[in-house]
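K.L.:
Let me begin by handing over the structure; questions about it come next.
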Amino acid sequence: MKNLLACVAIIFCIIPAFAQQSKVAIAIHGGAGTILRENMTEEREADYRAKLDEALKAGHEILEAGGSSLDAVVAAIQIMEESPLFNAGKGAVFTNDGKNELDAAIMDGKTRNAGTVAGISTVKSPVAAARLVMENSPHVMMIGPGAEQFVREQGLESVDPSYFYTDSRFQQLEKIRNTENQQLDHDGDQRSDETKSDEGERQGYLDEYFPDRKFGTVGAVALDHDGNLAAATSTGGMTNKRYGRVGDVPIIGAGTYADNATAAISATGHGEYFIRSVVAHDISAIMKYQNKSVQEATNTVVKDKLVEMGGGGGVIAIDGAGNIAMPFNTKGMYRGYVNTEGDVYIGIYEDEQP
Ligand code: ASP
């Protein structure tokens, strides 16, 4: 009888407690584009995998310790902002006039509160700046010197703009500076064969204006113990962008969105298309109004709608049950997750499916 009672206690108390504890998950991206094995050295690939792993672990440890999804996405992104491997924070791409202008966003799925910054050049962690706008101001979006002043007054670390300088990014600018081309962050033609549309005209336009399309933004989405979702994204934008250009990242609903009722979403890709397609909110709306899964909704937007329009890139998304989707229509996307089972996955290329 005692044994029976013990078994019942295990089934009703301990097992649900474990199930409760494992209900956290996080996914990250470090940009999408033509990321091909043949263009990658073993060393560089190992560097990317190690940094993605470090970012994932930083976020996941917070979640496991009972921390919030907001804290987790910020921690994961800050690791990538501090790494010159990614086009965010240190290592951000240059504008046409040789500066780094950074954009970032964060959104809380529980309250649907959001904060974003655009065109900032002196704040070490743009994602932390976005969070301050969300939590300590009545606004959603702040730009340029006004945003910088606000977050400085809030005690956030400022840096000289030269902090963001890296030689490799400057060389990228020098190559195309005197052209009208803008360039995103990972090499070459970004669309996979599978998803290439037959829109010759569109392709011609893209080839003419963006011959070397690259995307290197970083993002994170997470589900915490309380069932709350959060999304955040941080970027330097596009090489040779006109000063003052703002991409999709700090536009809530375009590059970043979170709603506990649907999903948390962070995007990377050709910002102008992501703005015009309102990508992140469209995914949420498809889930809400058409009752589709996070996988179905992200596939529809990334592999159908964006491809039809000519917009290369991808998204990461997580729903309230911890289901993760990370489709992209490019050759590769730096990406990874720790799911609700605690399984860790890191991928770079198109053929590396979990
Ligand atoms: N979406 C970003 C932008 O257009 C670029 C990127 O994803 O790398 O600013």
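K.L.:
Round to a whole angstrom and tell me the spacing of the C-alpha centers of segment 305-342 and segment 97-170.
P.N.:
25
K.L.:
Something else: For segment 15-101, take every pair of Cα atoms, bin their distances at 10 Å starting from 0, and report each bin as a whole percent.
P.N.:
Cα pair-distance distribution for segment 15-101, in percent: 16, 37, 29, 14, 4, 1.
K.L.:
Could I ask something else about it? In segment 288-351, which GluC sites (Glu not before Pro) are in a loop and have at most 12 other Cβ atoms within 10 Å, using DSSP for the loop call?
P.N.:
Within segment 288-351, the qualifying GluC sites (Glu not before Pro) (loop, at most 12 other Cβ atoms within 10 Å) are GLU341.
K.L.:
Something else now. Under a point-charge model restricted to the Cβ atoms of Lys and Arg (+1) and Asp and Glu (-1), what is the dipole moment magnitude of segment 209-326 relative to its Cα centre, in debye to the nearest 20?
P.N.:
It works out to roughly 480 debye.
K.L.:
Multiplying the sequence separation of THR111 and ALA50 by 0.36 nm and subtracting their Cα-Cα distance, what value in nm do you get?
P.N.:
Residue separation times 0.36 nm, minus the Cα-Cα distance, leaves 18.6 nm.
K.L.:
For segment 237-302, divide the Cα radius of gyration by the Kirkwood radius and give the resulting Rg/Rh value with two decimals.
P.N.:
1.04
K.L.:
Cα atoms only: what Rg and Dmax, in Å, come out for segment 61-101?
P.N.:
Spelled out, the Cα radius of gyration and Dmax of segment 61-101 are 13.8, 45 Å.
K.L.:
Let me ask you something else. For segment 75-164, what does the alpha-carbon gyration tensor say about shape, rounded, prolate or oblate, given a ≥ b ≥ c as the root eigenvalues, a/c under 1.5 as rounded, and a/b over b/c as prolate?
P.N.:
Verdict is prolate for segment 75-164.
K.L.:
In addition: Kindly provide the Kirkwood hydrodynamic radius of segment 273-313 in Å, to one decimal, from all pairs of distinct alpha carbon atoms.
P.N.:
It works out to 9.9 Å.
K.L.:
How big is Rg to Rh over segment 212-354, alpha-carbon atoms, Rh as the Kirkwood inverse-mean-distance radius?
P.N.:
0.95
Each value in this text was obtained by applying a stated rule to the coordinates, not by laboratory testing. In this text the structure is predicted, and so the values were computed from the model without any measurement. Neighbour counts are summed over all protein chains in view; Cβ atoms, including those assigned to glycine, are modelled from backbone coordinates with ideal geometry.
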